[in-house]
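The values are calculated or read from the model by the stated rules, or taken from the named source; none is laboratory data. Just so we're clear, the structure is a prediction, and the values are computed from it rather than from any experiment. A quick note on method: Cβ atoms are made from the backbone with ideal geometry, for glycine too, and the neighbour counts reach across all protein chains shown. Accessible surface is based on the protein model in full, side chains and every heavy atom, while ligands, DNA and RNA are left aside. Shrake-Rupley method; radii C 1.70, N 1.55, O 1.52, S 1.80 Å.
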Amino acid sequence: MEEKVYMGIDPGSKGFITIQEKGDFTHVSIEDNDLYQLSDKMREIRLKHTNLTCVIESVHAVFGSSAKATFAFGFNNGYLIGLLCANKIPYVLVPPQKWQKEMWEHSDMVVTYKQTTIKGKQIMKKDVNTKQTSINCCKRLFPMLDLRKSERAKKIDDNKVDSILLCEYGRRKNL
C-alpha cells in the first residue's frame with residue numbers, strides 16, 4: 001500500500017494547495033491557475049496518489065467584509081470542495097482556531113495590546129497577529145522550505161504558509 005500523502009488547502013483567492021509526500025512538499029498557487037487548470041492539477045494529484053487525504057480550512061464570512069468579497073470567497077471554497085468530491089479525494093474541514101491551536105507554540109506568538117473602551121472603561125485588549133504567528137511557526141518547523149510565493153518574490157506568502165501548516169496538521173492527526 002502506498003504511503004499516506006497529505007494535502008492542505010488554504011482556500012482564499014490568493015490561496016495555495018500544498019502536497020506533502022515523504023517529507024517533500026509541492027505547492028500549487030490558486031491565484032495563478034484558472035478553474036480549468038486547478039481541475040487538471042487536482043486530477044493529476046489524484047491519479048498520482050491513491051492514499052491521499054486533504055485538510056481544507058473551514059471558512060465563513062468575515063464580519064465587515066463586502067458582499068462581493070464574501071461571495072468570491074465562498075465561491076472559491078465551494079469550487080475547491082467540488083473538485084475534491086469530483087476526484088474522490090477524502091477531505092476534512094478544519095476551523096482555523098483548531099489547526100492553529102495544534103500547530104502554534106507559545107514561542108511563535110506575535111501579540112500586541114490595544115487600548116479600547118468597553119462600557120466606559122479603558123482596558124488593554126490582547127491581539128494575536130495570526131499571519132506573523134503562522135509564519136514564525138512554519139519557519140520553526142520547516143526551516144529549509146522557501147515560504148515565498150515564487151523564487152522572484154521578496155516577501156513570505158502567508159497563504160502558502162497556511163497551506164503548509166494545514167498539511168502538517170493532517171499528518172500529525174493521521175487523518
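Odds and ends about this structure:
- Candidates are the residues of the stretch 110-138 that are modelled with pLDDT under 90 and among the aliphatic types (A, V, I, L, M); the one that is least open to solvent (accessible area, probe 1.4 Å) is ILE123.
- Filtering the stretch 117-138 to residues that are closer than 21 Å to SER107 by Cβ and without any contact (Cβ under 8 Å) to a residue 12 or more places away in the chain leaves nothing.
- Cross-chain or 6+ apart pairs with Cβ under 6 Å, the stretch 139-164 first and closer than 19 Å to PRO96 by Cβ and modelled with pLDDT of 95 or more, then among the polar types (S, T, N, Q) and not in a helix (DSSP H, G or I): SER163/THR18; ILE164/THR18
- When residues of the stretch 144-175 are limited to those that are among the acidic types (Asp, Glu) and within 18 Å of ASP32 (Cα to Cα), the one surrounded by the fewest Cβ atoms within 10 Å (Cβ to Cβ): GLU151
- Condition check for SER66: open to solvent by less than 80 Å² (accessible area, probe 1.4 Å), farther than 25 Å from LYS173 by Cβ and polar (S, T, N, Q): yes
- Condition broken by LYS88, with the remaining ones in (1) of a type in the set (Lys, Arg); (2) without any contact (Cβ under 8 Å) to a residue 60 or more places away in the chain; (3) closer than 19 Å to SER163 by Cα satisfied: (3)
- Residue within the stretch 34-57 that is over 20 Å from PRO90 (Cα atoms), out of contact with any Phe, Trp or Tyr (no Cβ under 8 Å at 6 or more places or on another chain), surrounded by 12 or more Cβ atoms within 10 Å (Cβ to Cβ) and not hydrophobic (A, V, I, L, M, F, W, C) present: yes
- In the stretch 2-33, the qualifying residues are those that are of a type in the set (D, E, K, R) and part of a loop (DSSP other than H, G, I, E, B), and the one that is most open to solvent (accessible area, probe 1.4 Å) is LYS22.
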